[in-house]
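Below: one structure, written as structure tokens.
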Amino acid sequence: MSMMNEDAGKSAPGYTPFHPRWYRPHVSVYWWLGEWHYLKFILRELSSVAVAFFVIETLFMLSALHEGPEAYAHFQAVLRNPLVVLINIISFLFVVFHTITWFNLAPSAMPVRMGGKKLPEALVAAPSYVAWVVISAIVCWIVLH
Amino acid sequence: MEASSHDVLMVGGGGAGLRAAIAAAEVNPKLSIAVISKVYPMRSHTVSAEGGAAGVAKPDDSLDEHAYDTISGGDWLSDQDAVEAFVREAPQELLQLEHWGCPWNREPDGHIAVRAFGGMKKRRTWFAADKTGFHMLHTLFQTSLKYQPITRYDEWFVTRLLVDDGRVQGVVAIELMSGKIQTILAKAIILCTGGCGRVFPFTTNAAIKSGDGMALAYRAGSPLKDMEFVQYHPTGLPFTGILITEAARAEGGYMLNKDGYRYLQDYNLGTPEPKPVLRCMELGPRDRLSQAFIKEHEKGRTIETPHGHVVHLDLRHLGEKLINTRLPFVRELCLKYQNIDPVTELVPVRPVVHYMMGGVSTDINGATPLRGLLAAGEVACVSINGANRLGSNSLPECLVFGARAGKTAAEYASEQKPASAAVLAQALDEEKRLEAQYLHKVGGRERVATIRGEMQATMERSVGIYRDEPLLQEGTAKLRELRERYADINLDDRSRTFNTELESALELGFMLDVAESMMQCALHRTESRGAHQRLDYPNRDDERFLAHSLVYRNADGTSRVEYMPVTITRWPPGERVYGQGKEHGEAVAAKRIR
Amino acid sequence: MADKITLEIARYSPEHDQEPHFQSFEVPVHKEWVVLDALNHIKDTVDGTLTYRWSCRMGICGSCGMMVNGEPKLTCATFLSSYAKNGEKIRVEPLRYFPIVRDLVTELSDFLAKLKKVKPWLLPKDEPPLAQGEFLQTPEQVDRYKQFSMCINCTLCYAACPVVGLDPVFVGPAAIALAQRYNMDSRDQGAGERTAILAHPDGVWGCTFVGECTRVCPKHVDPAGAIQQYKIAAVLDWLKSFVAPRGA
């Protein structure tokens, strides 16, 4: 209770009567560490690095295929390296995270209207998931046979 | 002291204030127009109005019918010339708002949809889901942004009107942000500060409804009119006073006592039907419903809760789909503030103070007897609402009389001389008073909240739904005591920056003046009419009291009450009747009811 | 449930303080009490200097937004009991990313300026006289923009948005949602006048779809959705301007 009668005469330095000094809190460069929602956002954005990684890895694979069986065998040997396997696993998890967040956010950017009303977002996101599972299943079947 | 100057100044930035500002700007864009408000305009209490705004819109309806419903609903205390102007201009104003973008609900063919509302014989209430006031206020606020001549003083608190030479010439106001006390001169001032529900303990009104404009006018010598007429809304949540809109009853809700019985059928409001019938049962006028609650309470048929006695509002039979489309806000309010789901549970409700029919006395153009001073909206009493307001009339009232006052003020201001020097001296006196009585005061033992609580309890007891002479006399004495104790107030907060304790203390001062005026008007009106019910004078007395109470402030702080006859044009006083099968046509001659 | 709870409230008075500090108060817990009731209790009976904004007590005026345990909330809709039952303390601070005037009061002039900049009023092509009646608008057409018209200007979304915090010139979620409310209104033809402010690095392109604004919005306005929808519309307009530069 620092504003009672007794303090009426004292003033903080930098204060001019009738010119209240607004306090402007400083936003730290680590703003995203303080909160889970912000951290999730940064991880989502970082997942684009994992996507880029897979694109480059695929390009290397295609290039190796183009050069011939020796080059491709060398490429497969690199992929068996435990460190490379680890990077692939982590990147795969990031890509799954990327995909799920993308599918969940897309309906709010492109609302679908039917019968005069906006469809619920879960309903609009559902076909993407279904397509993902189906296409993945088909690709798996082709590759593993 | 700094002084700025404008042609027209609106005190209050809600529905009436913003509409008046736009009207003045359209009459003459060269005028300097200012809106001063103690809160940002979108916080004004207009924002909380839910149900709708009435305006004759459909071919099966007529202006005369809207006028008749309003006049009979007002128990014949409404000035009929004002009502006729009001019903004629209301649809145009609502249409103007539509042109400005207001998202009114629509019929499938794209035309404006209207719904039933309590006390109205035909469907004529325009609505925007159940947030009509919110949409209207935001439309007005956003539209007002495009008018260059309008300056806004946001979060400035007006403490006094400056009067000289029989004319209002400006205001003294505190800029809350910095604490600076400044003079704002104006050639015409329109009070748009709303009602004074906060003089009561249970009210739907927001914290800001402290009757500021009423007290400012009263202190400046302009009379207040019909202050004894306080409208209770029959369905407010206990504890918070949050309003459960009349629309819940218009859509088909039932009101049940502790035995699950639709008790309104015992009070001359018709017989219960499964679907709502206009002007019957739950769609009867508000004052009759609130009175029925008190009577049920006396019979011991209300339900006791930790926050007082309640009855139940039953919406369960309406179904989840209808509630989510037509009453989404009602459901949200019940869930978020009282943890109750109206789809599956009974909602506890009780009458809460909602609206002031009385206010600053004005004529049909919003002008008060004090030159240069006008008023519009709930703060004013024209009077169109008479002794009891019908639901969905107050939003168009803000628009119609806000526009009229804006135009009148603009025309008046164009012809006035600038302010006199005497007024600036008064302003300096006001600054000294504020410093001596509040900011630099030494000693003082009373807290703002204590006096305010006692005032509210006194008002509930003496100026409640039912009144009588002993309680009114007791209330008068108590208010006198509170005014003396108010002089002994001590503020914790002596800071200049955003001093809300000072603001509360000034508002309490306004409320004490307004409470005094209400008490005196209630004491002197020895009849029962509309919302003013005297246990010792239970009948309506048209011979002596077909007149408005006018209360003036005396120099010593007491008041005197005079009477002014009601303007009757085409509808001689009849009996207010509701329910099916009764003729509510006009009485041929004024029926004396004793 | 405990019958008392501790509130730690941020205090700041420019006349006496260089920066904010916290002060603790103990208040009773009642089933119906919200954080705002606790603040009122303190101001009325303990310390009249506690300063904050409030008005309607029912989540429609938008005055009472504050940070409660690090989350932007309307204090009239935040029950004490939801913290008391976990034995937590309640930390009350002014909304983040705004300058602080005093205690829990933030400075809003910048926000209001941004609202005005997006031209939030109806811009019809021709305004027919009132005698012609209303613009026809079907319930379906109303539904297209209704959600974006529900904003109460409480600024919780600005307190949640890291872009607002890092880039003070960013127009912000509520202002863009309000602009979209008019752009999507079938009666309005003013979208062209709003392009300059919206399709701009400080407009929609400043948004990185964090989505926090939509999560904290008490009225479910979905400003993030409004912004992304505008981005797509802006890109399509830009592409169209190549295919049909005039009259596109």
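Taken together, the values in this text are just the output of simple stated rules run on the coordinates, not laboratory data. Only a predicted model underlies this, so the values are computations on that prediction, with no experimental measurement involved. Because the Cβ atoms are built from the backbone with ideal geometry, glycine has one as well, and the counts that use them run over all protein chains shown.
At a glance:
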quantity	calculated
Diffusion constant of the protein assembly as shown at 25 °C, which comes from Stokes-Einstein with the Kirkwood Cα-pair radius and 0.890 mPa s, µm²/s	81
Folded to 0 to 90 degrees: helix B:286-298 orientation relative to chain B principal axis, Cα	70
Two-site FRET efficiency, residue A:46 against residue A:112, from Cβ-Cβ distance with R₀ of 25 Å, rounded to 0.05	0.25
Pairwise centroid distance, computed over Cα atoms, of segment C:28-82 with segment B:488-538, Å	25
For q = 0.23, 0.28, 0.32 Å⁻¹, Debye-computed log10 I/I(0) when each Cα of segment C:37-78 counts as one equal scatterer	-0.80, -1.03, -1.13
Cα-based Rg of segment B:117-265 normalised by 2.2 N^0.38 Å, two decimals	1.37
Average beta carbon contacts from partner chains per residue of C:147-155, 10 Å cutoff	4
Residues residue C:205 and residue A:84, FRET efficiency given R0 of 30 Å [Cβ-Cβ distance, rounded to 0.05]	0.20
Tail weight of P(r) past 43 Å, computed on alpha-carbon pairs of chain B, percent	15
Longest to shortest principal axis, alpha-carbon extents of chain C, angstrom	67, 40, 34
Ranked A:103, C:148, criterion: other C-beta atoms within 10 Å, fewest first	A:103, C:148
Normalised contact order of chain B, rounded percent, pairs of Cα under 8 Å and 6 or more residues apart	21
Ellipsoid semi-axes in whole angstrom, largest first, where each is sqrt(5λ) of the Cα gyration tensor of segment C:109-243	25, 18, 14
Convex hull (Cα only) mean projected area of segment A:41-144, reported in nm² to one decimal	8.7
Nearest 10 degrees, 0 to 90: helix C:35-45 Cα axis against chain C principal axis	50
Over segment B:125-205: Kirkwood hydrodynamic radius from C-alpha pairwise inverse distances, Å	15.9
Longest to shortest principal axis, alpha-carbon extents of segment B:203-289, angstrom	52, 26, 22
Segment residue A:95-residue A:35, length gained on full extension (0.36 nm per residue, minus Cα span)	19.4 nm
Point-to-point label distance, residue A:123-residue B:564, nm (Cα→Cβ direction, 7 Å offset)	5.9
Packing-based exposure ordering (other Cβ within 10 Å, fewest first) of C:195, B:151, B:497	B:151, C:195, B:497
Cα coordinate range in segment B:229-386, projected on the principal axes (Å, largest first)	56, 33, 33
Estimated distance in nm for a label pair at residue C:186 and residue C:215, the labels positioned 7 Å out from Cα along Cα-to-Cβ	3.6
Degrees between helix B:63-73 axis and first principal axis of chain B (Cα, 0 to 90, nearest 10)	90
Order of B:273, B:501, B:296, B:345 - criterion: other Cβ atoms within 10 Å of each residue's Cβ, fewest first	B:273, B:345, B:296, B:501
FRET efficiency for residue C:241 and residue A:77, using Cβ-Cβ distance with R0 set to 51 Å, rounded to 0.05	0.45
Value at 222 nm in deg cm²/dmol, rounded to 500, when DSSP H runs of n ≥ 4 in the protein assembly as shown each add -39,500 (n - 2.57)	-12500 deg cm²/dmol
For segment B:169-211 and segment B:58-73, distance of Cα centres in Å	34
Rg/Rh for segment B:1-100, where both radii come from Cα atoms and Rh is the Kirkwood radius	1.05
More than 24 Å apart - percent of Cα-Cα pairs taken over segment C:4-106	15
